[in-house]
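Worksheet for the structure shown next.
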Amino acid sequence: MSAPAPAYDHSAARVLANRHRVRLWEAIPWLLAIAYYFAFPRYLGFGTELLVTVLFAISLDLALGYAGIVTLGHAAFFGAGAYTVGMLAFHGIWNEPVTGLIAAGIVAGAVGLASGIVLLRTTGLTLLMLTLCTMALLEEGANLAAEFTGGFDGLPGMVIRPLFGMFEFNPLIPRAQYLYALGVLLVGFVFVRALVYSPFGQSLTGIRENTLRMHAVGAPVRHRLVVCYMISAALAGVAGGLWAQTNAYVNLSTLGLDRAATVLIILVLGGYGRLYGAFVGAVAYMVLEHWLSQIYPTAWQLGLGLLLVIIALFARNGILGLFDTIMRRVKPKPASQ
Amino acid sequence: MTASLIETRRVSKNFGALRATRDVNFSLASGARHALIGPNGAGKTTFINLLTGVLAPSTGEVLFKGRDITHMAQAERVKLGIARTFQINRLFRGLSVLENIYIAISERVGAAPNMFKPAGKRRDIIDESMQLLETLKLADDAHHRISELPYGRQRLVELAIALGLKPEVLLLDEPAAGVPSAESHIILDAIDALPKTIGVLIIDHDMDLVFRFAQRITVLVRGAIFAEGSPKEIGANEDVRAVYLGQASHG
């Protein structure tokens, strides 16, 4: 690419002008994901769950990490997406996977827009509680509307049409599911990556860093937050829809506090507001959970709790933040990039 | 007298029983260099908050070029061309100096809602930001995070953000407070170099700065206008000396 010579060839200007460029190392997570497909054919179910969780965590990172919207109810949108796919398929209305995901995104985005318009008038603890309430209301709604949602039992054994009419979702050998989830994650990630490096994304970080100043530079702060929340909700809905399709069932766990808290922990663990924190956090959390629950079936959560305490005490910016700090110690600050 | 840019008519602001602003009639013409002085607690910052829309007046009107903006939100007033700096820094502390300016300029030029073009491809905004930083001798700090800068340099960023908005009305709330004297001339030079057409209102306790800068001075005491006039008149006003200047010399 031959950009015109910049008027100010200053290192800071260069860093900002180039930060959206794709770096070589950014291929690593995708190469690992493909390697996993070949290396662990027996664990593709776990792998699929992991990919879905990464997508969900990325959606949260957009709202929480970039725009600074404190939420403990993000599973509301995951569940909205999951139930959209689930109800459409279970009641025989629609079961094509790709369009099903789009529907999931639209429904969850609409829920995000409607709740965001009301909720984002508040901040901090009030906002946290209200996001929690929204999720609880949806969960209870899904529980009560048993005729449509299956209530407490959920919607089991729904049939999803083969992907592109060719690739069957076999529950025992979830190869198609894994690659499908990887493809959706890639699309979702590219979208979010473009968004956070855009002027819009930059203005979201401005809102996170100092809302009052954003008003004072003329930014329509609440409008931006609502748009961001809606996009984040739609992505979470896609993740939820993906979860429903690849598991072939939906239940109330998709809407629960457990899921909302887990994704928050994952993001804090990996490092929020840094795009790849979702990957690192999800892998660290889920691998650890998997491993700990095998060696200590009764008390595995203790191990995770300890890890969280350590992260909170010594690595406030998560695993990636810790990595940054170490790199800076090892290699004295480079003047330019 | 030239047409006023921003004007207040009998503006008052009450916080409960406290009358922070009382019946203030004030006008800032285009090209004006106006200073607002007064003892601590006189309501100077409250007055700026009324002009910028951070606070709504209890009674009275605020006008911009004759148009009633009393109930207009802060961000919309910025779009009209009313910018300010804060007495206490309000910066994007976790971001670089360059990004701080970039955010302001991208709002001004309407680039900020753009979701898909990388911010880095708006070379025009980056170049304008760097140019502005250069005039404020901040270019060498452009890559630093705000939290890494000494306070005096942060004050300059505060000013740079406001200048990046290319305002018609610039409200400076103690721009040089906390700036080491070796650097305060950079701020004064920047204020001197502002386009002659914009109206500037400055609050400051530094009388050297006020008398050097202002063509007109308003003295605010307990929320009301106590005196108004040229620097000469204010300097010679015995009452002003008694309530304010005299007091300052004891401090």
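FYI, it's all coordinate maths here, none of it is from the lab. Note that the structure is a prediction, hence the values are computed from the model and not measured. With ideal geometry, Cβ positions are generated from the backbone for all residues, glycine too; neighbour counts draw on all protein chains shown.
The table that follows gives values for the structure above.
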| read-out | value |
| --- | --- |
| Acute angle (nearest 10 degrees) that the helix A:221-247 long axis makes with the longest principal axis of chain A, alpha-carbon atoms | 40 degrees |
| Cα-based radius of gyration of segment B:1-129 once divided by 2.2 N^0.38 Å, which approximates compact folds | 1.26 |
| Value of [θ]222 nm, deg cm²/dmol, for the protein assembly as shown, DSSP H segments ≥ 4, -39500 (n - 2.57) each, nearest 500 | -17000 deg cm²/dmol |
| Gained length - B:Arg93 relative to B:Ser30, 0.36 nm times residue gap less alpha-carbon distance | 19.4 nm |
| Estimated FRET transfer efficiency when R0 is 22 angstrom, pair A:Tyr43-A:Phe164 (beta carbons, to 0.05) | 0.35 |
| Principal-axis tilt of helix B:181-192 within chain B, Cα atoms, nearest 10 degrees | 90 degrees |
| Computed label-point distance, nm, for sites A:Val22 and A:Val190 using a 7 Å Cα→Cβ extension | 0.7 nm |
| Candidates A:Ala260, A:Ala114, A:Ala181, ranked by Gaussian network fluctuation over chain A, Cα under 10 Å, top entry | A:Ala114 |
| ³J(HN,Hα), Karplus 6.51/-1.76/1.60, whole Hz, each residue of segment A:121-132, x for Gly, Pro | 6, 10, 9, x, 5, 4, 4, 4, 5, 5, 5, 5 |
| Relative contact order computed over segment A:42-256 (Cα-Cα under 8 Å; 6+ residues apart), in percent | 47 percent |
| Calculated FRET value between A:Lys331 and B:Thr197, using beta carbons and R₀ = 51 Å, to 0.05 | 0.55 |
| Gain on full stretching of the segment that runs from A:Leu125 to A:Leu257 - 0.36 nm per residue minus C-alpha separation | 45.9 nm |
| Sparse-neighbour loop sites [trypsin sites (Lys or Arg not before Pro); segment B:134-168; at most 15 other C-beta within 10 Å; DSSP] | B:Lys137 |
| Using θ = phi - 60° and Karplus 6.51 cos²θ - 1.76 cosθ + 1.60, couplings along segment B:91-100 (whole Hz; Gly, Pro as x) | 10, 8, 5, x, 9, 6, 4, 4, 4, 4 |
| Equivalent ellipsoid semi-axes - Cα gyration tensor, chain B, angstrom | 31, 22, 16 |
| For q = 0.05, 0.13 Å⁻¹, Debye-computed log10 I/I(0) when each Cα of the protein assembly as shown counts as one equal scatterer | -0.28, -1.26 |
| Contour excess over end-to-end distance, with Cα ends at B:Asp239 and B:Met207 and 0.36 nm allotted per residue | 9.9 nm |
| Using θ = phi - 60° and Karplus 6.51 cos²θ - 1.76 cosθ + 1.60, couplings along segment A:23-30 (whole Hz; Gly, Pro as x) | 8, 4, 5, 5, 6, 3, x, 6 |
| Chymotrypsin sites (Phe, Trp or Tyr not before Pro) within segment B:37-142: DSSP coil, no more than 16 neighbouring Cβ in 10 Å | B:Phe116 |
| Per residue convex hull volume, Cα atoms of segment A:42-256, in Å³ | 108 Å³ |
| Spatial separation of Cα centroids for segment A:130-169 and segment B:90-130, in angstrom | 42 Å |
| Calculated FRET value between A:Val118 and A:Ser11, using beta carbons and R₀ = 45 Å, to 0.05 | 0.50 |
| Those aspartates and glutamates that a straight Cα-Cα span of less than 14 Å connects to B:Lys196, excepting residues fewer than 8 apart in one chain | B:Glu168 |
| Rounded tilt (10° steps) of A:97-119 against the dominant C-alpha axis of chain A | 60 degrees |
| Highest-fluctuation residue, A:Leu31, A:Leu137, A:Leu267 considered, GNM on chain A with Cα pairs under 10 Å | A:Leu31 |
| Segment A:90-190: chymotrypsin sites (Phe, Trp or Tyr not before Pro) in DSSP loop, at most 11 other beta carbons within 10 Å | A:Phe164 |
